[in-house]
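Quick notes on the structure that follows.
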There are 2 protein chains.
Amino acid sequence: MKDRPLILVTNDDGIHAKGLKELTEVMRLFGEVVVVVPEVAMSGMSSAITVDKPLRATKMKEEEGYTLFKCNGTPVDCVKIGFNHLLDRHPDFVVSGINHGSNSSISVVYSGTMGAAIEGCLHGVASMGFSLCDYAQDADFTRAKMVVARIFQAVAENGLPHFTCLNVNIPKGEVKGIEVCRQTSGKWVEELEKRTDPHQRDYYWLSGYFKNFEPDTAGTDMHALDNQYVSVVPVTVDMTCHETFQQMKNWRF
Amino acid sequence: MKDRPLILVTNDDGIHAKGLKELTEVMRLFGEVVVVVPEVAMSGMSSAITVDKPLRATKMKEEEGYTLFKCNGTPVDCVKIGFNHLLDRHPDFVVSGINHGSNSSISVVYSGTMGAAIEGCLHGVASMGFSLCDYAQDADFTRAKMVVARIFQAVAENGLPHFTCLNVNIPKGEVKGIEVCRQTSGKWVEELEKRTDPHQRDYYWLSGYFKNFEPDTAGTDMHALDNQYVSVVPVTVDMTCHETFQQMKNWRF
C-alpha cells in the first residue's frame, strides 16, 4: 500500500518490554512503522538528553513496513536520532509506550514515555504517549490496544495543535469510556527510603506514595482513571505560567 | 542570626562548577544554606529521577550556616534527598544554578537546572533556576550575582503562586534591566552529528543549532536576552494545554 503514514514508535521501558510489542502491533495496522527504542529500561528519564557520550543505533530487524532499531540513549535521544538519521522522511506520528505503569498527574514531568512524546511534538509532529496503569511485566494489554487504536484514529482525523501532544492513561481492568481531562494536582510524599549497607553507610531508594490534592474533582485525569475511564490530557510544551506572567508585570526588581 | 530562611541550593553542572560557588556566596547573604549537588556534571538531565540504583549523599563541608553534600543522582534526586533526609526542616527556597549556558526557550524542557527548580515547586516551595548565557567554565559571574540577589529579594517579597517557579536567564556582558517574559517558540535543528569510528561503525554526537520561530517578538525570553535584558519566565508544572482541552471536548472517540 502506498502513501501509508510513517509512524515513529518508541518507549522508555526498553526493547524487551511487552508494551512495546503490543503498541507496534497496533501501529502496523495504520502505517509504516519505524521503532527506535532504548536498549535498556529508561523509566523516569523525563526529557533527558545525552550530551557527554556518543550515541549508537543498531538495526535489529527489518521486514516490509517495519524496522526496529535499538539505541544506547534516552527516549528523547531515540526520537532525535530517528528524525535526524534513521528515518528517510519526516514521520507523520510519534507514538510512545505502551508504558507499564501510570503516567497521570505530575508523573508526566518525570516520564520518559512522555519525554519522547513531547520531543515528537517539539519536532512539529502529532505525538502521543500511552500508559497502562499496571506495572506487571506480563500485563494484559488487550483492552489497551483497542484504546490505542481508537485514540490514534481520532488524532489522525482531527490533528493536534502545534506544540501539543497527548498523555493517555488507560485503567487496569474494565474500560468504561474515554475522557478528555486536565492534569491532576498532587505530589509525591516520603519519597526516599533510607537503608544501611553492611559497611554502615546509608543509602536511599526512591519510593513513596502519591497524594492527590483533589481526589473528588471530575475532569482530572486521576478521577477518570479511578472511575475506570481512559484519561486523555493534552500536554503543551509552552511551560510559561501565563497567569503569573500577567501578575508579575507589577513586580519591582 | 535566628529565623533566617533555609535555602536549598543545587545545580546540574556538579559540585566543581564555578556557577555553584558563586550562587552559594550570594545565597549565604540571605539565609542558612544547604547545598545538595550532583557529584558529576548532569547537564541535559531534565526532571530525570534514579529508579534503578540506590542513591548516596556525602557531607563534604560544614560551617556556620552552610552545609555541602554531594549526591550520586540527578538534580531532581538531589532536591528529593534534601527534602526527605538531609534538611532538618522544610526549606523556604530552592535555588538552582548558576548554570553555565542558556536555558531559555524550549531548553527549559531539557534543563537539569530547571528540573531541580520544578522539583522544588512540586514540593510547594518558592523555587528559581538561574542560568548565565556563557558556557565558559571560568565565565564572569559578577553581574549575574547582582541579578540573582535582586530577583531572590523580589521573590522573597512577593512570593510565587503554588506550582510555579522561575526560569531566569542572564545575558553575557552588559545587563540593561530585568524583563518578565514568556517562553520563546522555537526548535533545535540538525541535532546529531554523524561520525564513523576506526572500526567503521557509525556514532552520533548531540549538536545542532536553535531556530527561533519568533525572533522579533518583544516579550519573549530570547528577545529580552538578545537585547541584553535578563529574562524571567514564570514556569508552571501544570502541563495541560487548556485551550486544546476545550477544543477536544468535541472529539468523537
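Structure notes:
- For the stretch B:84-105, the candidate set comprises residues that are within 12 Å of chain A (Cβ to nearest Cβ) and surrounded by 24 or more Cβ atoms within 10 Å (Cβ to Cβ); within that set, the residue that is farthest from B:Pro5 (Cα to Cα) is B:Ser105.
- Tally, over the stretch A:195-212, of residues that are within 12 Å of chain B (Cβ to nearest Cβ) and exposed (fewer than 14 other Cβ atoms within 10 Å of the Cβ): 7
- For B:Glu119: the one exception among (1) under 20 Å from B:Ala17 (Cβ atoms); (2) over 11 Å from the mean Cα position of the chain (by Cα): (2)
- The residues on offer are A:Met222, A:Met239, A:Met248, and the sole one that is more than 23 Å from the chain's Cα centre (by Cα) and crowded, with 20+ Cβ neighbours inside 10 Å is A:Met248.
- Restricting attention to the stretch B:213-225, the residues being under 27 Å from A:Asn84 (Cα atoms) and away from chain A (no Cβ under 11 Å) number 3.
- Figure legend. Inter-residue proximity from the stretch A:226-253: first residues at the interface with another protein chain (Cβ under 7 Å from one of its Cβ atoms), second residues part of a helix (DSSP H, G or I) and among the basic types (Lys, Arg), beta-carbon distance below 7 Å, spacing 6+ or different chains. Indicated pairs: A:Phe253/B:Arg150.
- Counting only residues that are within 16 Å of A:Lys172 (Cβ to Cβ), open to solvent by 10 Å² or more (accessible area, probe 1.4 Å) and not aliphatic (A, V, I, L, M), the stretch A:225-236 holds 4 of them.
- Any chance A:Phe141 is under 24 Å from A:Ile98 (Cβ atoms), in contact with a strand residue (DSSP E or B) (Cβ under 7 Å, 6 or more places away or on another chain) and away from chain B (no Cβ under 12 Å): yes
- Flag if B:Ser96 is at positive phi and in contact with a Gly (Cβ under 7 Å, 6 or more places away or on another chain): no
The values are calculated or read from the model by the stated rules, or taken from the named source; none is laboratory data. Not measured: the values here are computed from a predicted model. Don't worry about glycine lacking a Cβ; one is built from the backbone with ideal geometry, like all the others, and counts go over all protein chains shown. We work out accessible area using only protein heavy atoms, side chains counted, and drop any ligands, DNA or RNA first. Shrake-Rupley method; radii C 1.70, N 1.55, O 1.52, S 1.80 Å.
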